[in-house]
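A.B. asks: This is the structure I want to talk about, given as structure tokens.
The values are calculated or read from the model by the stated rules, or taken from the named source; none is laboratory data. If you're wondering where the values come from, they're calculated on a predicted model, not measured in any experiment. Glycine gets a Cβ as well: all are built from the backbone with ideal geometry, and neighbour counts include every protein chain shown.
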Ligand code: FRU
């Protein structure tokens, strides 16, 4: 019997073993990345999907995503449990600026931390990635200054008052409005980033005596739509009010389409870019060069460019 082919076969199998192991779902991955999402909605679903696809591409990443459903206590617990599980890197979208103690603890234990989309007031993080929310607010105000030639009495519907994008979007928007004689913020209210929350806030605002407004700027498209529904309920002429939001999601019912069909007057792309978030994570994990502050580009969406 000729033994050579059999030995050759065995050798080949041995050489290919690592390949089989790396393809199998149960194979131990080299890097464990924990993702702590502050909430769950279409914007975050899109982002999570992009993170999963990007992680698959690397093939050696075990990506674990947890959502805190807007509950600060739950997000704190989830971050702590990621730390206790011994993840190699943590990606956090902190729901509110007060989440910092749990993140600080992770960072102090030597776990690299990427903060994305929202911020805390703490400096204890490895890198940040997200759009410039102040710039988004100021660009929207610049646009309205030109697009509402007759001037505008604006109702500003801000996101959750303790979350950083709401604070920064207001800073940017309000500072530009203050310099434009034609624009005025006649009322300001806060909701919780959800359509239903915005509906309730507007419903109660419109139930009492309130200033007239001809433009409503909500800090996201979902809230703009909730506010629009409340305005219709109270018999306001929704076609003569310019409703603006932020996010400009491309899917059906998303802000991009709502601007195209004229339901919204303007929106602003708030980029998800899960691919870039994972790329940054991998650069940190594999000790490649990376920047500490990473700004994602975004853009104003109006009827002229939405298509
Ligand atoms: C999604 C979201 C977006 C908003 C962003 C701010 O959870 O509410 O609509 O632009 O968060 O962080």
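A.B. asks: Report the residue count in the range 241-288 for those that are part of a loop (DSSP other than H, G, I, E, B), farther than 20 Å from residue 41 by Cβ and touching a helix residue (DSSP H, G or I) at 6+ places or on another chain (Cβ under 7 Å). Working first, answer last.
C.D. replies: Keep residues of the range 241-288 that are part of a loop (DSSP other than H, G, I, E, B), which gives 241, 245-246, 248-254, 261-265, 270-273, 286-288.
Going one step further and asking which of them are farther than 20 Å from residue 41 by Cβ, we end up with 241, 261-262, 265, 286-288.
Okay, now just the ones that are also touching a helix residue (DSSP H, G or I) at 6+ places or on another chain (Cβ under 7 Å), so 241.
Counting residues in the range 241-288 that are part of a loop (DSSP other than H, G, I, E, B), farther than 20 Å from residue 41 by Cβ and touching a helix residue (DSSP H, G or I) at 6+ places or on another chain (Cβ under 7 Å) gives 1.
A.B. asks: Could you name every one of the helices (runs of 4 or more DSSP H) located completely within the range 112-216 that has at least 1 residues being within 30 Å of residue 283 (Cβ to Cβ) and within 16 Å of the ligand (Cβ to nearest atom)?
C.D. replies: Working: elements: 133-147, 164-177, 195-207.
Qualifying helices (runs of 4 or more DSSP H): 133-147, 164-177.
A.B. asks: Mind checking which residues of the range 170-188 are buried (at least 17 other Cβ atoms within 10 Å of the Cβ) and touching a helix residue (DSSP H, G or I) at 6+ places or on another chain (Cβ under 6 Å)?
C.D. replies: 172, 173, 176, 177, 183, 185
A.B. asks: A further question on this structure: Please enumerate the residues belonging to the range 255-287 that are in contact (Cβ under 8 Å) with a residue 40 or more places away in the chain and within 18 Å of residue 199 (Cβ to Cβ).
C.D. replies: 255, 264
A.B. asks: May I pose another question? In the range 77-106, what residues are farther than 21 Å from residue 163 by Cα and either surrounded by fewer than 15 Cβ atoms within 10 Å (Cβ to Cβ) or free of Cβ contacts under 8 Å to residues at least 60 places away in the same chain (or both)? Please lay out each step first, then the result.
C.D. replies: Keep residues of the range 77-106 that are farther than 21 Å from residue 163 by Cα, which gives 81-89.
Answer for the range 77-106, where residues must be farther than 21 Å from residue 163 by Cα and either surrounded by fewer than 15 Cβ atoms within 10 Å (Cβ to Cβ) or free of Cβ contacts under 8 Å to residues at least 60 places away in the same chain (or both): 81, 82, 83, 84, 85, 86, 87.
Condition check ((1) modelled with pLDDT of 95 or more; (2) in a helix (DSSP H, G or I); (3) loosely packed, with under 15 Cβ neighbours inside 10 Å; (4) at negative phi) across all residues:
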| residue | (1), (2), (3), (4) |
| --- | --- |
| 39 | yes, no, no, yes |
| 46 | yes, yes, no, yes |
| 50 | yes, yes, no, yes |
| 53 | yes, yes, yes, yes |
| 66 | yes, no, no, yes |
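A.B. asks: Scan the range 177-198 and report the pairs whose first residue is over 23 Å from residue 142 (Cβ atoms) and whose second residue is part of a strand (DSSP E or B) and away from the ligand (no atom under 16 Å from the Cβ), with Cβ atoms within less than 7 Å and a gap of 6+ or a chain change.
C.D. replies: Matching pairs, first to second residue: none at all.
A.B. asks: Hey, another quick one. Give the residues of the range 53-100 that are out of contact with any helix residue (DSSP H, G or I) (no Cβ under 8 Å at 6 or more places or on another chain) and under 26 Å from residue 254 (Cα atoms), sorted by residue number.
C.D. replies: 69, 70, 71, listed by residue number.
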